[in-house]
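One structure below.
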Amino acid sequence: MMMMIFSTSIIILMLSMVVMSMASLLSKKTFSDREKNSPFECGFDPTSSARVPFSLQFFLIAVIFLIFDVEITLLLPLIFSLKLVIIQNYLMITILFIFILLIGLYHEWKQGALNWAI
C-alpha cells in the first residue's frame with residue numbers, strides 16, 4: 001500500500017514537471033519595455049504618478065473587518081448546534097469566545113487603530 005502511494009506521487013510529480021516545462025518552452029516570450037510598463041491614460045502621458053500611496057489606516061480597518069467577519073462565521077455554527085450540546089458547556093464556550101473577541105476589539109481601540117485620521 002505504501003509503495004503504491006509513493007509510486008503514484010512520483011508519477012504525479014514527474015507529470016507535473018513535464019507539463020510545467022512544456023508550458024514554459026511553448027509560451028510566448030515577451031520583453032518588457034518602458035511603454036508597456038507605464039500606466040495608460042487615454043493615450044496621453046499620465047499627469048501624475050499612478051503609484052499613489054495607499055492609506056495604512058484604511059488597510060488596518062479592512063483587516064479588522066475581515067478578522068471580525070471570519071469570527072462571525074465561526075459563531076454561526078454555534079447557533080445550529082444548540083440542540084445537540086449540553087447548555088452549560090455551550091454557554092461557557094460562547095461567552096469565552098465573545099470575551100476573546102471583545103478583548104481584541106478593546107486592544108485595537110486602545111492602540112488607536114479604530115480612529116479614522118483625516
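Bear in mind these aren't lab numbers, they're just calculated from the coordinates by the rules spelled out. Computed from a predicted model, the values in this text were never measured in an experiment. Using ideal geometry, Cβ is built from the backbone for each residue, glycine included, and neighbour counts are taken over all protein chains shown.
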Q: Can you figure out the FRET efficiency of SER21 with ILE61, using R₀ = 25 Å and their beta-carbon distance, to the nearest 0.05?
A: 0.05
Q | Approximate shape of the stretch 57-111 as ellipsoid semi-axes (Cα gyration tensor, √5λ), whole Å, largest first | A | 27, 13, 4
